[in-house]
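The values are calculated or read from the model by the stated rules, or taken from the named source; none is laboratory data. In this text, all values refer to a predicted model and were calculated from it rather than measured experimentally. No Cβ is skipped: glycine too gets one built from the backbone with ideal geometry, and neighbour counts run over all protein chains shown.
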Amino acid sequence: MLSETATVGGIFSLAPLVVFIPLAGMIFNMLFGGRLSQKLVGGIASAASGLTFVIAVLLGVALYNQHGEPVVVPFLEWIHIGAFQVDWAFRVDTLSVTMMLVVAGVGTLIHVYSVGYMHEDVIHQGDPSRFRRFFVFMNLFIAMMMILVIGDSYLMLFVGWEGVGLCSYLLIGFWYEKGENGIGNAIAGNKAFIVNRIGDVGMLLAMFTLFWVFGTLTFDEVFELAPEIAATTPAYIGLITLFMLVGVTGKSAQIPLYVWLPDAMAGPTPVSALIHAATMVTAGVYLIARSAPLYTLVPESQNVVALVGGLTAFFAATIAVGQNDIKKVLAYSTVSQLGFMVAAVGMGAFVAGMFHLVSHAFFKALLFLASGSVIQGMERGHHLEHHAHEHDLKPRKKKSKEPPFDPQDMRNMGGLAGRMRTTYWVYIVGALALAGIPPLSGFFSKDEILLEASHLNTTVYILLTIAAFFTAFYMGRQVWMVFLGQPRSAAAEKAEESPAVMTLPLIILAVLAFFGGLLNLPGPHTFGHWLEYTFEAFHLEMETLPFSLPVALISTLLAVVGILLAWMFYGRQPLEKGQEDPLRGILGWIFTGMQRKWWVDEIYHFLFVNPYIQLSHVFAEYVDWRFWHDWFHEVVLAGSFNQFARFLNFRIDAGIIDRIANGLGNGTQQIAGQMRQIQTGYVRNYALSLFLGVVLIVGYILLR
Amino acid sequence: MSIQEFLRDLTYLLPFTYLVSWAAVLLIVDLFLPDDRKGLLAPLAALGMAVGIGLSILQVGQQQAAFNGLAMVDGFSIFMNVLFLGIGLVGVALAYDYLKRMGLERGEYYILLVFSITGMMLMGSANDLIMVFLALELLSIPLYVLSGLARPQQASEEAGIKYFLMGAFASGFVVFGIALIFGMTGTTSIPGIVSTVSSGTLLNPLIFTVGGGLMLVGLGFKVAVVPFHMWTPDVYEGAPSAVTAFMSNGAKAAGFAALIRVLVVALPSIATDLTPVIWIIAALTMILGNVVAIAQRNIKRLLAYSSIAHAGYILMVLVAYGSAGLAAQAVAAALFYLVAYTLTNFGAWAVVIALEKKEGRGLMLEDYSGLGNRHMGLAVAMTIFMLSFTGVPPTLGFVGKFYLFNVVIEGGYIWLALIGVLTSLVSAYYYLRVVVYMFMRDGEPEVRRDVWVNLTAGVTAAGLVALTIFAAPLFDWATRAVLAGF
């Protein structure tokens, strides 16, 4: 395969640019951004991202022109150790181009949106100098994500994998001095980083095993060898795929490592949209799709993956119902939707999974960005309110005693539809797409997953269907709580629509979210055929299932029922200010459980974090300090060493060695002194010595 | 011998004949120079020797016998010529400011130095025992005079007269040795001796061997090996430092050139007879030189004993040369060590000259206290010289010792090599003591800043370290230089 596609020319030689353009944007802003205006900084970053998108489009067109034949663009020699060889090579095939288009396309829209969003955010947070830093990180993220998706080997993928992890960490903790107690954001960043490290251990183990078993990390070589190895020892492939799954649960926020994603909402909202909804978190899905030739060899692993995805989809959906923070609802929704994708690729429905990845990128980016618009609208309202009452405000002390205003709490919102019309309408589109109402994109992509599941795995099908129902319900709940009814706070009363630089990307994304389903309509299956080129290269047959009306009807019906239920609880009788959530009365402890995220964080703390801290305490206090330092080091080592040293010093060294050495030294000095005595200075003595030498030599020769 | 042949032979020995003429010219120039302008001779002498180096290098690759086989031009003689002329150049560089400072600026210094060099060059080319003796005298007599250059200082006069008396005594043994060899072979020509010995027509091998032994005594005196070394400390201390610097390198190199010519080329048949003698001499020299050096507080005397000790190291290869197939390698090792020693020794003497004051002050170890604080560069350079003397990497001294011991061990003289290594360890004591004084004692040494002296110290120090990188190619080059003749 590689040999057939080794000739590279024309458009494909542009492939490395998808990494270097955003990198150039980043470096430019790093070096010169300090002197430029915010608009220019944001513009350059957006242009870099946009140009990357153009390159991706060109690559896609070129690929289409040669019927999806994969191309590997060699770039740099990297690691050559004996037979082991990994290079920087860029793999252009339909799968990687799809990812590039999503990352760069959605990324560009989010960049543009961010110019408006961050302009207000940096003022609001009080440090305008960080505007530039944000775009530097964003461009770095695009570059790293590109490395992840375009790399031709697991090692290169891992470089991108870690790179986006770093960007995620940097951007979650972007306002590192803010948040709860002034370290809330920093803790959230740390949590994301540490939880992802656990997943990365899995990734590393997978790569070690790959290297051990296959002796290579390049995709082509691994996939070519895989059937052979699966025929003899399938356990190896099983081990590799399960290790990879650990990495996927970290990066793509699946059970049991999903806990970092909701906390990651501490980052600025565009970050949540780009990294923690549309692109980075889908890296795990991409990894499994990329490794399809491995996963299809071990059905056991596939089942595990599908089950993890299904459970996550269901579990996170229930939590989303109980959330009051507008972004937390979307965060759990993201976890749930990632569960859909992972379940799909787990079942072997790679096309369905990738399709949902794309459409989800559209509508979830839209929802996050729109929620960002809502949050800033609330903040603007709060600001106006604050100013309106400034004249009759008593000393500030009194104000600071009030609980701080939370612009993200949906209980403070209500009735925003009238004040933020654009945001409202695009939000409706996003919510309906997510809920899976036809003919929006979410319906088609989700339906395809459900269709495959109904054939392949009944358990997962049931889990996903229930999750789909919950999805419709919590989205309905959110729309009613945020946009309809009466304002429940002064800020909501005065909320203001966002500027065009923010609403325009929202409208574009809304269009995409609405029509995204056209990519892969049940009949033509355009997207499916597009991706098939990639999978067929590894002799994977992608069968497309015929559209099934019952499956579609059931899911649509459940979605409608979910929305109706949401209307019953939150629409018919809108929440009043300070009113208890109506679900609490009906569900009781179950709702509390949803609200408290099923105490998973607490359980993890109880099971892992606290024991770990206690163990470290024991190690630090008892093992390291008291035992190791106080006893072993001080008493055993240092004490006995001192004793021994004293013994050596006084008995051996001073007593014996010094005497010998002094004796030797004195002896040498004496000898030297005595020898010096020979040196009398008299020539006659010198001549005598010379003559004695002659006598000895001649005597030796003659008498020998 | 026709006049054409005579002229042709003169061109064969062009570097030598040219330098002799140049020295004669300098004598005449000296006559017309006023007393306060004698320094002018320094650049003239240097120019002459620089040209001589150029002429020598032009001869590379030649192999000719001249004047009916009295002298030879071959790889060995060219190598030695360049070395001697280089020594002469540095001798001039070190002396220029020193002589002025000490009130010794006399034209004779430079002229005698050049004459001495011509003697050394003749020694390198000599192919006849008579020529060896002539060369020996030609190089020695100017040195006797130079040693007493600082008259009427008593120490200098004493050094001159001691050196002369002892030198004359030693020369007597050389002549007697030559006479015995001539008597037993009927020739003084080195190739003639070789053919006589190999044809087995020696009248009396015993007396022949005694002749060789006596020559060893005379030449051993020149290179200062035990027990013919006793003049060394007194002369080194008493002579002006610049003269000592020149003498300790030039005379030693010339002496070894003659020893190699006579013992390795002319008398290989008596190698086995003399080997035990040389073995003992080498061992004694290394032991005595290094041990007595410990007791020295005067840097000039310390370097004198150091010079004795190093003569012992080089003599080791003459123990090993008799072993089959080792001759060329042994000679190459000796030449390499000679070059390393020359660089190190000159550097050390440059520092000594920089610190020396009038009337023999500034020569004690205590005077080096605090040099590291006051003159970091000079102290670092001196440290490099001391390390190179000791044989610590990464200095050329280490590489030189490595090749020396290598040859000795390959020759099968493990115990001699062991003595060499152990005495090297002993030598660390007094060499490093200089370093200790420079860096760990407080003091305010005053240093004469002279560009030529500093340049000598800097270049030799840098060379000693930098050339270790090219040690192997240098050694190959030395081997090839001498191979032609052996």
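Suppose we filter segment B:161-172 for residues that are more than 11 Å from every other protein chain (Cβ to nearest Cβ) and β-branched (Val, Ile, Thr); how many remain?
Filtering segment B:161-172 for residues more than 11 Å from every other protein chain (Cβ to nearest Cβ) gives B:171.
From what's left, β-branched (Val, Ile, Thr): none.
The total comes to 0.
Can you pull out the residues in segment B:219-233 that are surrounded by 24 or more Cβ atoms within 10 Å (Cβ to Cβ) and over 15 Å from the mean Cα position of the chain (by Cα)?
Taking segment B:219-233 first, the residues surrounded by 24 or more Cβ atoms within 10 Å (Cβ to Cβ) are B:219-226, B:228-233.
B:Val226, B:Phe228, B:Met230, B:Trp231, B:Pro233 - these are the residues of segment B:219-233 that are surrounded by 24 or more Cβ atoms within 10 Å (Cβ to Cβ) and over 15 Å from the mean Cα position of the chain (by Cα).
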Restricting to segment A:34-51, and then to whatever is aliphatic (A, V, I, L, M) and under 24 Å from the mean Cα position of the chain (by Cα), can you tell me which residue is nearest to A:Pro128 (Cα to Cα)? A:Ala45
Would you check if A:Asp601 is part of a helix (DSSP H, G or I) and touching a residue at least 12 places away in the same chain (Cβ under 8 Å)? yes
Within segment B:298-316, is there a residue that is away from every other protein chain (no Cβ under 14 Å), surrounded by 23 or more Cβ atoms within 10 Å (Cβ to Cβ) and closer than 28 Å to B:Thr196 by Cα? yes
Go through (1) assigned to a helix (DSSP H, G or I); (2) more than 14 Å from chain A (Cβ to nearest Cβ); (3) within 24 Å of B:Thr118 (Cα to Cα) and name the single condition B:Ala150 misses. (1)
Out of the residues in segment A:642-693 meeting the condition of being farther than 30 Å from B:Phe173 by Cα and polar (S, T, N, Q), tell me which one is farthest from the other protein chains (Cβ to nearest Cβ). A:Gln643
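Do we have A:Phe90 as part of a helix (DSSP H, G or I), among the aromatic types (Phe, Trp, Tyr) and modelled with pLDDT of 90 or more here?
The answer is no for A:Phe90.
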Residues in segment A:42-57: is at least one over 18 Å from A:Phe90 (Cα atoms), of a type outside the set (Asp, Glu) and at pLDDT below 90? no
Would you say A:Phe515 is part of a loop (DSSP other than H, G, I, E, B), surrounded by fewer than 21 Cβ atoms within 10 Å (Cβ to Cβ) and touching a residue at least 40 places away in the same chain (Cβ under 8 Å)? no
Taking segment B:290-335 only, how many residues are part of a loop (DSSP other than H, G, I, E, B), in contact (Cβ under 8 Å) with a residue 40 or more places away in the chain and over 15 Å from B:Leu263 (Cβ atoms)? 2
Return yes when A:Glu580 is over 30 Å from A:Pro227 (Cα atoms) and in contact (Cβ under 8 Å) with a residue 40 or more places away in the chain and no when it is not. no
Taking the residues in segment B:214-227 that are outside any helix (DSSP H, G or I) and either at pLDDT 90 or above or within 15 Å of B:Met184 (Cα to Cα) (or both) as candidates, determine which candidate is nearest to the other protein chains (Cβ to nearest Cβ). B:Val225
Criterion first (modelled with pLDDT under 95, assigned to a helix (DSSP H, G or I) and over 30 Å from A:Asp581 (Cα atoms)) does A:Ile375 satisfy it? no
Given the residues A:Gln337, A:Gln254, which is the only one that is outside any helix (DSSP H, G or I) and crowded, with 24+ Cβ neighbours inside 10 Å? A:Gln254
Does B:Asp35 fit the bill of being among the acidic types (Asp, Glu) and without any contact (Cβ under 8 Å) to a residue 60 or more places away in the chain? yes
With the structure loaded, tell me whether B:Ala354 is within 16 Å of the chain's Cα centre (by Cα) and either assigned to a helix (DSSP H, G or I) or not basic (Lys, Arg) (or both) or whether it fails that test. no
Residues of segment A:177-186 that turn out to be without any contact (Cβ under 8 Å) to a residue 24 or more places away in the chain and either part of a helix (DSSP H, G or I) or crowded, with 20+ Cβ neighbours inside 10 Å (or both), as a count: 4
So B:Asn249 clears everything in (1) touching a residue at least 24 places away in the same chain (Cβ under 8 Å); (2) in contact with a Phe, Trp or Tyr (Cβ under 9 Å, 6 or more places away or on another chain); (3) within 14 Å of chain A (Cβ to nearest Cβ); (4) buried (at least 24 other Cβ atoms within 10 Å of the Cβ) except one condition, right? Which one? (3)
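Among A:Leu545, A:Leu463, which is in contact with a His (Cβ under 7 Å, 6 or more places away or on another chain) and not charged (D, E, K, R)?
A:Leu545
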Condition (residue is more than 29 Å from B:Ile78 (Cβ to Cβ), in contact (Cβ under 8 Å) with a residue 24 or more places away in the chain and away from chain A (no Cβ under 14 Å)) applied to segment B:230-240: is it met by at least one residue? yes
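Of B:Ile287, B:Ile270, which residue is in a helix (DSSP H, G or I), within 11 Å of chain A (Cβ to nearest Cβ), over 21 Å from B:Tyr337 (Cβ atoms) and touching a Gly at 6+ places or on another chain (Cβ under 9 Å)?
B:Ile270
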From the list B:Glu158, B:Glu137, which one is surrounded by fewer than 24 Cβ atoms within 10 Å (Cβ to Cβ), away from every other protein chain (no Cβ under 14 Å) and among the acidic types (Asp, Glu)? B:Glu137
When every residue in segment B:187-213 that is farther than 14 Å from B:Ile130 by Cα, of a type in the set (A, V, I, L, M, F, W, C) and in contact (Cβ under 8 Å) with a residue 60 or more places away in the chain is compared, the one nearest to the other protein chains (Cβ to nearest Cβ) is B:Phe208
